[in-house]
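Visitor: One structure, as structure tokens, below. Some questions next.
The values are calculated or read from the model by the stated rules, or taken from the named source; none is laboratory data. Note that the coordinates shown come from a computational prediction; the quantities given were computed from them, not determined experimentally. Positions of Cβ are generated from backbone atoms using ideal geometry, with glycine treated the same way; all protein chains shown enter the neighbour counts.
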Protein chains: 2
Amino acid sequence: MPSRSAVPDGKRPTLSDLAARAGVSVPLASMVMRGAKGPSAASRERVLRAAQEIGYRPDSRARLLRSSRSHLVGVQFDLRQPFHADMVEALYAAAGAAGYQIALSAVTASRSEQEAVEALLADRCEALILLSPHAPAARLAELAAQLPVVSVARRLRPLTDGVDVVRAADDEGARQAVDHLVALGHRDIVHIDGGRAPGAADRRRGYKSAMKHHGLTDRVRLVPGGLTEDHGAAAARTLLTDSSRPTAILAFNDHCAIGVLDTLLRARIPVPDEISVVGFDDSHLARLAHVQLTTVGQEARQLARRAVSRAVARLEGEAADDEREVVVTPHLVIRSTTRAPCRS
Amino acid sequence: MPSRSAVPDGKRPTLSDLAARAGVSVPLASMVMRGAKGPSAASRERVLRAAQEIGYRPDSRARLLRSSRSHLVGVQFDLRQPFHADMVEALYAAAGAAGYQIALSAVTASRSEQEAVEALLADRCEALILLSPHAPAARLAELAAQLPVVSVARRLRPLTDGVDVVRAADDEGARQAVDHLVALGHRDIVHIDGGRAPGAADRRRGYKSAMKHHGLTDRVRLVPGGLTEDHGAAAARTLLTDSSRPTAILAFNDHCAIGVLDTLLRARIPVPDEISVVGFDDSHLARLAHVQLTTVGQEARQLARRAVSRAVARLEGEAADDEREVVVTPHLVIRSTTRAPCRS
DNA sequence: CAACGTTGTTACAACGTTATAAATCAAATG
DNA sequence: CATTTGATTTATAACGTTGTAACAACGTTG
């Protein structure tokens, strides 16, 4: 059996192993490892070489335990939502840039938000970033009493005490989508909504107000939908059995839009020739070569940056209380599922 | 500004705050909190009530630091792969049941496997579970010299020193798919492969050997593909421009199969009437109501359980060295994308 | 009544790191 | 040469928890 490390007893090497090896004191080794100023170039090099040799690796737990600050931000996300995947990716980058680390905790069918958050708290996160949390506002407020909490993509109304909100302007996004469709010549534009999902109400509102703005109040039509492909497919089937088909559909999100596209495809209804379809999120689904979905981009990178900087501001005590809600303007990404309606 | 906790100075309450509140010693409070045997019912209740009152929450970092064992298993996964989402979910459960916790570290476009693993090591994980790792075998061996490493879904040949492998029998899965199609009456069965992706070679082999077994060696046909919808779509387009169309397609995975389905749909080729399609993974994509893809199930739950128990066995020194590679038999899930071929 | 388990509780030291303050030393000053 | 300065380095004490061993308090036993 091969030895598992360069240190005799087989345990993972510690700072004092490192210091011994380099022939310096423990604190000095510590300073070198964390890049503090002080150590001379000579010591620095000696320690770093020794670290190489014995494969030393700082123990972040001990590190965090000692320093009052943990520089750790907990992120609760849903493994199933592609938009969350984009967010997590952007959060890694944003947090890193701000000098913070990220701890992930997933919500799944068998792991509740409660459990996910408990784990993050036990890990001594200094702040929480929750991606579209479903927890009741009261629960969020309770958490916010303990540490900074940022709710991403979930609007809180009225502003919950201590909870920051970072979200896309969902209403504005829906409006842009409608404007685009109207500009193309569409009038019968249907919205498949997201029910009670975070953001759904705003998108609904944006849709309605844009329709109204274009004098299409009497054409407003909402179909109950949801977040998944199945919801979109079901809604589309409903629409097809109808007497008057719309010429354009604004789906709650990309997933839902994909379901719609699939149903239309099966029904031999050409997109965008006969019906235009718009999604929401600009997740990687929308970018797939064979999908090329026109969609409303949520700017994951921006949202992530703002969420992190919000949390950091709170932690470093520079929180301006008038910025409790950060709203990022989405923008329409026009691909190949929208076009002027054909004359009927 | 509301106070952030029940302890005067605003910091998070510690064991000694708790002990003070309950009027007992720190070690006793500790014993109660971790459910050790010893404390009397009376003390137990007193401590627990105090914990409630001041909102005490154990600090897992300190806990892990103190106990030589961390009971923490690091999981490296890819945010983009739905199969990984299923695995992570199953891993949470499997690890929990074994008395271990999980630390997640995602691989993304901008975060390499190297970085992901570094983070896990710094977190003091006792073992690593890597989901379809792409790292070279030498790198894995290097890691395995430091701690138990389990590679899931990525075969290592020859068995790399110290690295355990848990995988589905990819060849057997492909074979089952072919058997199913042949039983339905198909003969022209094409395989869209996964190139150099983990498992791809085995699936290719399984496909070929099954075809041979059914006396269809001359019908063997491989089309280069990949892991994404785009790969599947591209491969399908290639097939359609061909003179002789197959009657069935075995795709590398579900994602790829969805791309195939989409292309067929657009080309107005009815599935399964004219062409049958089989995927691989049984990810939730396959289960969508409008997809209902026949696919080879990878048994995420089993794989997760085996991966965890493998890692745990190593940690607790009960590793039987003859079980370096655990192979789980996949099973075909028949849904609605396969049917007997129509007479041409 | 002394010796003895039991049961419950506690003091103490340790885990691996970092913050603080004190110590060392060479070079530079008066 | 004594003294100050500044740059390095070090000793010491934490951080919040748990393992160990010791300690009471108690009724049991011989």
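Visitor: So, of the residues in region B:84-115 that are at the interface with chain A (Cβ under 8 Å from one of its Cβ atoms) and of a type in the set (S, T, N, Q), which turns out to be surrounded by the most Cβ atoms within 10 Å (Cβ to Cβ)?
Guide: B:Ser105
Visitor: Hey, can you tell me all the residues within region B:144-159 that are in a loop (DSSP other than H, G, I, E, B) and either out of contact with any strand residue (DSSP E or B) (no Cβ under 8 Å at 6 or more places or on another chain) or within 10 Å of another protein chain (Cβ to nearest Cβ) (or both)? Before you say what the answer is, go through the steps one by one.
Guide: Initial filter on region B:144-159 (in a loop (DSSP other than H, G, I, E, B)): B:145-148, B:153-159.
Correct list: B:Ala145, B:Gln146, B:Leu147, B:Pro148, B:Arg157, B:Pro158.
Visitor: Could you tell me whether region B:71-83 includes any residue that is under 25 Å from A:Arg12 (Cα atoms) and surrounded by fewer than 21 Cβ atoms within 10 Å (Cβ to Cβ)? Show your work before the answer.
Guide: Initial filter on region B:71-83 (under 25 Å from A:Arg12 (Cα atoms)): B:71-77.
Filter once more, keeping what is surrounded by fewer than 21 Cβ atoms within 10 Å (Cβ to Cβ): B:71-72.
The answer is yes; a qualifying residue exists.
Visitor: Next up: When you go through B:Arg44, B:Arg61 one by one, which is the residue that is part of a helix (DSSP H, G or I) and within 8 Å of DNA strand C (Cβ to nearest atom)? Outline the logic, then answer.
Guide: Working: B:Arg61 fails: within 8 Å of DNA strand C (Cβ to nearest atom).
Sole residue among the options that is part of a helix (DSSP H, G or I) and within 8 Å of DNA strand C (Cβ to nearest atom): B:Arg44.
Visitor: Going by the structure shown, is B:Ala234 buried (at least 19 other Cβ atoms within 10 Å of the Cβ), small (Gly, Ala, Ser) and either in the same structural domain as B:Val178 (by TED's automatic domain parsing) or over 24 Å from the mean Cα position of the chain (by Cα) (or both)?
Guide: For B:Ala234, the condition - buried (at least 19 other Cβ atoms within 10 Å of the Cβ), small (Gly, Ala, Ser) and either in the same structural domain as B:Val178 (by TED's automatic domain parsing) or over 24 Å from the mean Cα position of the chain (by Cα) (or both) - is met.
Visitor: Across region A:33-53, what is the total count of residues that are away from DNA strand D (no atom under 12 Å from the Cβ), surrounded by fewer than 18 Cβ atoms within 10 Å (Cβ to Cβ) and over 36 Å from the mean Cα position of the chain (by Cα)?
Guide: Count: 4.
Visitor: Tell me, please, whether a residue that is at pLDDT 90 or above, in contact with a Cys (Cβ under 8 Å, 6 or more places away or on another chain) and more than 14 Å from DNA strand D (Cβ to nearest atom) can be found in region B:74-83.
Guide: Yes, the conditions are met somewhere in region B:74-83.
Visitor: Against the conditions (1) within 15 Å of DNA strand C (Cβ to nearest atom); (2) part of a helix (DSSP H, G or I); (3) within 14 Å of chain A (Cβ to nearest Cβ), where does B:Ala20 fall short? Just the number, please.
Guide: (3)
Visitor: Can you list the helices (runs of 4 or more DSSP H) found entirely within region A:185-280 that contain at least 3 residues being away from every other protein chain (no Cβ under 14 Å) and either under 24 Å from A:Arg155 (Cα atoms) or among the aliphatic types (A, V, I, L, M) (or both)?
Guide: Hits in region A:185-280: A:200-213.
Visitor: Ok, one more. Would you mind finding the one in B:Arg314, B:Arg301, B:Arg324 that is closer than 30 Å to B:Ser70 by Cβ, out of contact with any strand residue (DSSP E or B) (no Cβ under 9 Å at 6 or more places or on another chain), modelled with pLDDT of 85 or more and of a type outside the set (Ser, Thr, Tyr)?
Guide: Working: B:Arg314 fails: out of contact with any strand residue (DSSP E or B) (no Cβ under 9 Å at 6 or more places or on another chain); B:Arg324 fails: out of contact with any strand residue (DSSP E or B) (no Cβ under 9 Å at 6 or more places or on another chain).
Only one candidate qualifies: B:Arg301.
Visitor: When you go through (1) within 16 Å of DNA strand D (Cβ to nearest atom); (2) surrounded by 21 or more Cβ atoms within 10 Å (Cβ to Cβ) one by one for A:Ser67, which number turns out not to apply?
Guide: The number of the failed condition is (2).
Visitor: When region A:64-84 is examined, which residues are found to be aliphatic (A, V, I, L, M), assigned to a strand (DSSP E or B) and more than 14 Å from DNA strand C (Cβ to nearest atom)? Reasoning before the result, please.
Guide: Step one: of region A:64-84, the residues aliphatic (A, V, I, L, M) are A:64-65, A:72-73, A:75, A:79.
Adding the requirement that they be assigned to a strand (DSSP E or B) leaves A:72-73, A:75.
Answer for region A:64-84, where residues must be aliphatic (A, V, I, L, M), assigned to a strand (DSSP E or B) and more than 14 Å from DNA strand C (Cβ to nearest atom): A:Val73, A:Val75.
Visitor: Evaluate region B:243-250: report whether one residue or more is within 22 Å of the chain's Cα centre (by Cα) and assigned by TED's automatic domain parsing to the domain that holds B:Ala177. Spell out the reasoning first.
Guide: From region B:243-250, those within 22 Å of the chain's Cα centre (by Cα) are B:250; that's our starting set.
In the following step, the residues that additionally are assigned by TED's automatic domain parsing to the domain that holds B:Ala177 were identified as B:250.
Yes, because at least one residue in region B:243-250 is within 22 Å of the chain's Cα centre (by Cα) and assigned by TED's automatic domain parsing to the domain that holds B:Ala177.
Visitor: In addition: Out of everything in region B:62-73 that is among the basic types (Lys, Arg) and closer than 12 Å to B:Gln101 by Cβ, what residue ends up being farthest from the other protein chains (Cβ to nearest Cβ)? Can you show your working first?
Guide: In the first step, residues of region B:62-73 are kept if they are among the basic types (Lys, Arg); the result is B:63, B:66, B:69.
Then keep just the ones that are closer than 12 Å to B:Gln101 by Cβ; that gives B:63, B:69.
Numbers: B:Arg63: 8, B:Arg69: 12 Å.
If we take residues in region B:62-73 being among the basic types (Lys, Arg) and closer than 12 Å to B:Gln101 by Cβ, then B:Arg69 is farthest from the other protein chains (Cβ to nearest Cβ).
Visitor: Something else: Answer yes if at least one residue in region B:94-101 is within 16 Å of DNA strand D (Cβ to nearest atom), of a type outside the set (Gly, Ala, Ser) and in a helix (DSSP H, G or I), and no otherwise.
Guide: Scanning region B:94-101 turns up no residue that is within 16 Å of DNA strand D (Cβ to nearest atom), of a type outside the set (Gly, Ala, Ser) and in a helix (DSSP H, G or I).
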